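Notes follow once the structure below has been shown.
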Amino acid sequence: MRKAIHAADLHVSRSEQQYSFAVFDELIELCRRNEVDLLLLAGDLFDSYPDAVALAPELREHAAALPEACRAVAIPGNHEELLRGEEPLETIDLGRIAWATGSPFQRYTVCGIDLFAVPFRSSYADYLTWEIPAAGEDPRIVMMHGTLAGMWFSGLEETEESTVAIDPDVFGRIGASYAALGHIHSAHTEELEGCTACYPGSARVWRRGENDLRAVQLLEFQGTALTRHERLTLTSAGRYRHLELPVGIDPGKVLTHVDEHVFDSADFVELALSGLIETQAQSAQLVRKLQHRLGPRVRRLEIDTEHLEPLSGFAALPLARHFLEHWNRRWQHAASPREKDLLLEARRNALTKIKHRVEGRR
Amino acid sequence: MITKLHLESFGLYREVSFDLGPVTAFVGPNESGKTTLFHALLDCLCRPRGASTHARALQSRYGKLRSCTVEPPDWDGAIPVEEFTELLAIDSGAITLNVSENSDWMQAVKANLFSGGIDPSAITRDLRREASENKTYAHMKRLKELQSRLESLEQERDRLSARRAEILGGERRLQQQTREHEELENTLRKLQQDHTRLEKHLAAQSAAMERRRARALLAKIETVEELERELELRAAFSEDAEPQLAALETGMENTRSHREHAVVAHEHRRAERETALRAHRSAEHAAAAQQQLAEAAKSLRRNLEHSRAAPITRTKRRPRPLVLAAAGVLLATAAVPFLVLTAPESLVVGAALAAGALILGGFAGFEQTVEHDNTPVENALRRARDEWQRETGEQLSAESYEGLISALTGVESKAAAARDELQRRGDELQDQEHKLTEARAAEQTARRTAEAAQQELNDWLARYGLAGTREYHNARAEYRSRRQRRDELTRELHQAADQYGCTGRSALRGELARLLERTTEAEVEPKDNEALRRTESRRAQLAQEIEQLRARRDAAAAEIAELRGTVKGSLGEIPEQLLDLETRIARLDREIGELNDAREAAAIAAEIFEELGADFDHVLEDLARDIQARFGAITGNERRLSLPKLAVDAAEVIDAGGTARPPAQLSKGTLDAFLLAARIALALQARDGEGILVLDEPFQSLDTERTLGALKLLEHVHRENNVQLLFFTKDERLLDACTAVFAELRIHRLQLVGRA
């Protein structure tokens, strides 16, 4: 039986150096613990080209901890291209990690696994002309970085820079039984063209919206077949936590509400304050208190006050008071996240309307 | 604030103006025009219209042509009549409170109390609009637009997907066709090799066959020549003499048959003559016997006739039965040949036997006895009879003489008849003899003719050197069969010569000889025609298969060429475009989802607002508290009050004695204080913005203390809520109190009517 770990989008960066290396170390530890033969890094190992150049020596040191028997192959992703200019990619030395830069792909045979490592390119459209050697006995893995055309994942990638499409036909053409993919930061697995195409998701929380636990994919091959693949959580990566905090007549209540949650020190927490508050100063004060209270407990804290609007006399407004009483009753009974979302939206809308009426009246 | 009331023509007022301050008091005795001014204010502020009670009342009292205005003019008609009369104005001290759920001012009161001046129903309306699925609303139009965009994007995506599938299909097809083409080429090569091998084999077989055929043809030439030689030798048989021979044979047959007929006729005649001869002889015998009997009878008759004259002694003959029987047997035996056999020898034997019998019967059959007749006749008769019996062996039946004579005469006649018969038979025999002679002559003629015919046939056959006709037939048949065989072979050779392109037998022979010289014996296992046919059919099948494969290969090649023209070896921008479309679709999906969520959220918010609208309890509690506070301000002490659902009739007021009483049981002063407090509270809640209170003798039932309390309450309301106050009174004390309470009081003293 042969084992491989497939990780992607670690985004090792100088700005979050400690955090990203902690995750990398855990990845190495996972390889050791699972006695893995092959580590696949499917692009965006670094956050940018300058990050790659600056952090490659440290990465080499960390990678030296890879178990003897474990080979590692990384392909450049679109982030290694960022700020690269005309600088060469090939010269980056990752030590134990083989840096696949051959075009259109570089082939490795590791422990009877036939690996096609396809470095990131601005287009894979010419894949029909690639000379694919006839398949042998070994299971084939193709490693690529880009977005699968035909399986769009809504939400997360909305703000991502322009992406490169991968046509799943390429998997069938190569005859791969597993496609180790990178670029999409949320996890997705799909059977395409007789191939298990998998995005393990980014190995660490890179930006807001990356809700799930960060993980890598553990693969097991028996003979020529992929017999098992499962997710292994990277605990050091923490989580992205988004908390909706509806501010009521007593703004101080949100502080106790926050206290009810347990956070990991690696978590990236975003608080979304919404509702009406007497003054802007009160709002700023609330934010300060939240930062003071929560800031030291988490890796990163962001507080969104976009939907927290000031309205003097708000607390004394009978209509607002009555509305919030009724709303709170519903909020307490809301079960599903969707119900809560709708209630939050209803609250925002209603309070905005009250605010506008009051201001119009004045 | 209303600054001026101008009466152009109203009741008795003509072109009169009153400046109004924040607090203004109109003071005057009865009929000084206070009520007219009150009505003018009502007319100006409310402008009652149409058939309403107030409009009719004003019209009937002040006429159609009444005219009054206020300044600033935006107060003109600014207050609903109902609100004015029931809430803002107290007319002639009559303080009433008619709380109707439906009145606009009551709604306004509630809204104000409830929402701090914001109308929740307006927000509910807004939210309902946002939640509505009515197509005319902007968000629904937007939704529709988004959906149509989504649809077109999805169509575009589907189109692109189809294009992608088409390209990949073409690509796959190209690969497949290329593979298939290769396979076809290989198969073709293999089949062609097989075909060539078979062809070679067949060619060898064919050469061998050709040689065999040549040899066979040469042999046939030999045979033909041999046949021709034989035919030459048998040239005599070349012409068909069969009819001639047949005629001869027929002639011979005819004479032979004629002769046979003559022999039969001759034989027949001979037999007939024999019969006639036998009949003649028999007649001769019968005639001889009858003659003898007749002789005896004649003698007897003569004896009788003689004896008639003398008795006679007579020797009698007695028959010996045994001898006679033996003679009878003999005679019978003698008769057999005559009856059965025809051979003359047997007739002779029969005759001899008969003669023996007669001799035996005649001589030894009888023993002679001499009898003596007593009477000559009788004796004669008896002798005659005996003698007859003796002579003939027969008994004469006649007893009498005459009878006997007649019998004897009969015997004599019979003898004569027998002689006649003999005569006739003799004639007949002679005739037969004659005929026999003729038949013999005819038979001899026929024999000669037959012999001549035979001789002629024999002579004909001798000409061919043959012994019999059969030999001729055989020889002729043989000749014909040889000739036929020769002709067949000649025809075959002729055809062969044609095939070999030469004329004549010798040319053919030369050609065949050259062919045999030219070719060598092939080293193939000679096969029978069936095997060759099978091989050939296999070869033909192969050829056909090759043709089909060629067609398929060519088709594959053509398709490959065509595909090469269209397949670019790349999906081009399609995956990117697909991804872009999918992104846009996802974005639109999200936007549509957000729109729908917003609608749903608006519906939830509207629902909450509707719940709030229905939830009046706390509103009314607020109002009751307000009224209670103002009531207390008037009465000078804290008065508890319950006012469920704002229904005045159901209200309970704690009176001075601490008893809860319904309004009807309250003293007039307390009731007025309560209603005044309620009115002020309600008026403040009902009016959004600047307020006004018009008070015509409002404190009639109140004592001085409560009047002062009420005035202080009004002063507070005036100050805090910016409410303009207009007092109408005839009471100077009230004017004094007002002067004391209000810092700034404008007073208009009214004279008698029409004298401002």
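Points to keep in mind about this one:
- Around A:Thr91: net Lys/Arg minus Asp/Glu count, Cβ-Cβ under 14 Å: -3
- Inter-label distance, B:Ala289 to A:Glu230: 15.6 nm, where each label sits 7 Å from its Cα along the C-beta direction.
- Hits among lysines - C-alpha to C-alpha of B:Lys190 under 19 Å, sequence gap 8 or more where chains match: B:Lys200
- Across region B:605-751, the relative contact order, built from alpha-carbon pairs under 8 Å that are at least six residues apart, equals 20 percent.
- Within straight-line cross-link reach of B:Lys64, aspartates and glutamates at Cα separation under 18 Å, skipping those fewer than 8 residues along the same chain: B:Glu8, B:Glu15, B:Asp43, B:Asp76
- Between the Cα long axis of helix B:120-131 and the first principal axis of chain B there is an angle of about 30°, rounded to the nearest 10.
- Each residue of region B:423-434 is assigned a 3J(HN,Hα), and the resulting list reads 4, 5, 4, x, 5, 4, 4, 4, 4, 5, 4, 4 Hz, derived from the Karplus form 6.51 cos²θ - 1.76 cosθ + 1.60 (θ = phi - 60°), x at Gly and Pro.
- Rounded to the nearest 10 degrees, the inclination of helix A:49-63 to the longest alpha-carbon principal axis of chain A is 70 degrees.
- FRET efficiency estimate (nearest 0.05) - Cβ-Cβ, B:Ala204 to B:Gln444, R0 60 angstrom: 0.10
- Inter-chain shielding of A:315-328 (mean C-beta neighbours from other protein chains, 10 Å cut-off): 5
- Cβ-based net charge around B:Thr437, under 10 Å, with every Lys or Arg adding one and every Asp or Glu removing one: +2
- Close amide-amide hydrogen proximity is noted between A:Glu309 and A:Gly275, A:Leu276, A:Ile277, each under 5 Å apart and 5 or more residues distant or on a separate chain (H modeled in the peptide plane; Pro and chain starts excluded).
- Shape of region A:284-362, Cα gyration tensor, a/c cut at 1.5: oblate
- Summarising the label geometry, the points placed 7 Å from Cα in the beta-carbon direction at B:Arg234 and B:Ala325 lie 8.4 nm from one another.
- Cα shape, region A:2-237, gyration tensor, a/c 1.5 rule: rounded
- Amide proton proximity set for A:His242, modelled H, under 5 Å, gap of 5+: A:Glu270
- Most simply put, region A:2-237 has about 45% antiparallel DSSP beta bridges, counting only bridges with both residues inside it.
- Relative packing of A:302-309, B:464-471, which averages over residues the other C-beta atoms within 10 Å, highest first: A:302-309, B:464-471
- In degrees, nearest ten, helix B:574-614 long axis to first principal axis of chain B (Cα): 50 degrees
- Once the chain from A:Glu359 to A:Glu302 is taken as fully extended at 0.36 nm per residue, the excess over their C-alpha distance is 17.5 nm.
- Helical contribution to [θ] at 222 nm, DSSP H n ≥ 4, -39,500 (n - 2.57), averaged over chain B, rounded to 500: -24500 deg cm²/dmol
- Full extension of the chain segment joining A:Ala284 with A:Ala54 gains 79.0 nm, where the gain is 0.36 nm per residue of separation less the Cα-Cα distance.
- Extension gain, B:Arg552 back to B:Leu595 (0.36 nm per residue minus Cα-Cα distance, nm): 9.6 nm
- Residues whose placed amide H lies under 5 Å from that of A:Arg84, excluding near-sequence neighbours: A:Tyr49
- Peptides ranked, highest mean first, by Cβ atoms within 10 Å: ranges A:338-350, B:475-487: A:338-350, B:475-487
- Taken residue by residue and averaged, Cβ atoms of other chains lying within 10 Å of the Cβ of B:586-597 number 2.
- Region B:674-687 - phi-based ³J(HN,Hα) in whole Hz, Karplus 6.51/-1.76/1.60, Gly and Pro as x: 4, 5, 4, 4, 4, 4, 4, 4, 5, 4, 5, 6, 6, 7
- Likely footprinting exposure, B:Lys190, B:Lys435, fewest C-beta neighbours within 10 Å first: B:Lys190, B:Lys435
- Long-range Cα-Cα pairs in the protein assembly as shown (distance over 58 Å), rounded percent: 64 percent
- 3J(HN,Hα) along region B:181-195, derived from phi through the Karplus expression 6.51 cos²θ - 1.76 cosθ + 1.60 where θ = phi - 60°, amounts to 4, 4, 4, 4, 4, 4, 4, 4, 4, 4, 5, 5, 4, 4, 4 Hz, with x in place of Gly and Pro.
- Approximating the spin labels as points 7 Å out from Cα along Cα→Cβ, the B:Ala332-to-B:Arg518 distance works out to 10.9 nm.
- Here the calculated FRET efficiency for B:His434 and B:Glu394, from their Cβ-Cβ distance with R0 = 51 Å, stands at 0.80, rounded to the nearest 0.05.
- Checked against a 21 Å cut-off, the cross-linked pairs A:Lys253/A:Lys289; B:Lys298/B:Lys414; A:Lys253/A:Lys340; B:Lys34/B:Lys712 give Cα-Cα distances beyond that limit for B:Lys34/B:Lys712.
- Counting neighbouring Cβ atoms within 10 Å and putting the fewest first, the residues B:Thr36, B:Thr739 line up as B:Thr739, B:Thr36.
- Shielding of A:122-129 by partner chains, average beta-carbon count, 10 Å: 5
- Put in order of Cβ neighbour count within 10 Å, fewest first, the listed residues A:Val269, B:Val340 become B:Val340, A:Val269.
- Sum of side-chain charges, B:Gly93 neighbourhood, beta-carbon under 11 Å (Lys, Arg +1; Asp, Glu -1): -3
- Calculated FRET value between A:Arg32 and A:Glu260, using beta carbons and R₀ = 35 Å, to 0.05: 0.40
No lab work stands behind these numbers, since they all come straight from the coordinates. Keep in mind that this is a model prediction, so the values were computed, not measured. Note that each Cβ is placed from the backbone with ideal geometry, even for glycine, and that neighbours are counted across all protein chains shown.
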